[in-house]
Amino acid sequence: MNDVFLKDRAARDCADFEGCGKGSTRVLSEGEIRKQKLEEVKFPLLILMFMIGTFLLTLKLHSEELLFCWKATAVTIPYTPGDSTVRFDAPNGNRYVIDVSKAGCKKDQITLYYRGEDYQGAEVMTVWWLFPVCYLVSLGVGGVLVRNIYKTLHSTRYATQNKGSGKFED
């Protein structure tokens, strides 16, 4: 094959793809670039808002539980592991049945917390590892999403071409 044929063929093949060949690129305006970048980060932003909401809800529930336990009276009673309820003999002589299904306790005793004379409202603390796991998951996923959004918004993938110089700028 001759050299002229190969050069012509290479030039035609390259010109078939956008971005190859002389004059085949489409120059995007700054507004179009910004619009494309915002389209790309729309779904990650939605997930990030969900993760922020999850973190704030976890923080609220954890702080409410800690405040309740610090201001409440604690009583330790016998417990059979696996039961979802426990009987509690209050100081006023009445017997109350308290739901302890969120405790996840594997010991012979369980600690209940109640305020004042509200024995029926006695509660057990949630499983100790629940809140740290929620914090780690929401912060970890949120951090990855923030990094992804930042990299997308500051990427140079959408380069615009200066009209006079023939060079691309970010």
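List of remarks:
- Residues being assigned to a strand (DSSP E or B) and either touching a Cys at 6+ places or on another chain (Cβ under 7 Å) or not polar (S, T, N, Q) (or both) - total across segment 76-99: 11
- Test: residue in segment 44-52 that is touching a Phe, Trp or Tyr at 6+ places or on another chain (Cβ under 6 Å) and at pLDDT 90 or above: no
- Checking each residue in segment 51-75 for being of a type in the set (D, E, K, R) and either outside any helix (DSSP H, G or I) or under 23 Å from the mean Cα position of the chain (by Cα) (or both) picks out LYS60, GLU64, GLU65.
- Count of segment 92-119 residues which are over 13 Å from ALA72 (Cα atoms) and surrounded by 12 or more Cβ atoms within 10 Å (Cβ to Cβ): 9
- Residue within segment 6-24 that is surrounded by 11 or more Cβ atoms within 10 Å (Cβ to Cβ), at pLDDT below 90 and touching a Ser or Thr at 6+ places or on another chain (Cβ under 9 Å) present: yes
- Within segment 26-81, tally of residues that are farther than 22 Å from LEU153 by Cα, surrounded by 12 or more Cβ atoms within 10 Å (Cβ to Cβ) and among the β-branched types (Val, Ile, Thr): 5
- Within segment 56-67, residues that are touching a residue at least 40 places away in the same chain (Cβ under 8 Å) and closer than 17 Å to THR111 by Cα sit with their Cβ atoms under 8 Å from residues that are of a type in the set (A, V, I, L, M, F, W, C) and open to solvent by 50 Å² or more (accessible area, probe 1.4 Å), at 6+ positions apart or across chains, in these pairs: GLU65/MET125.
- Look at segment 113-125: where a residue is among the basic types (Lys, Arg) and a partner is assigned to a loop (DSSP other than H, G, I, E, B) and modelled with pLDDT under 90, sitting 6+ places away or on another chain with Cβ atoms under 8 Å, you get ARG115/GLY121.
- Flag not set for SER84, criterion: hydroxyl-bearing (Ser, Thr, Tyr) and closer than 30 Å to LEU46 by Cα.
- All conditions in (1) within 30 Å of GLU39 (Cβ to Cβ); (2) in contact (Cβ under 8 Å) with a residue 24 or more places away in the chain; (3) among the basic types (Lys, Arg) hold for ARG147, with the sole exception of (2).
The values are calculated or read from the model by the stated rules, or taken from the named source; none is laboratory data. All figures in this text were calculated on a predicted structure; none of them were measured in a lab. Neighbour counts are summed over all protein chains in view; Cβ atoms, including those assigned to glycine, are modelled from backbone coordinates with ideal geometry. We work out accessible area using only protein heavy atoms, side chains counted, and drop any ligands, DNA or RNA first. Shrake-Rupley method; radii C 1.70, N 1.55, O 1.52, S 1.80 Å.
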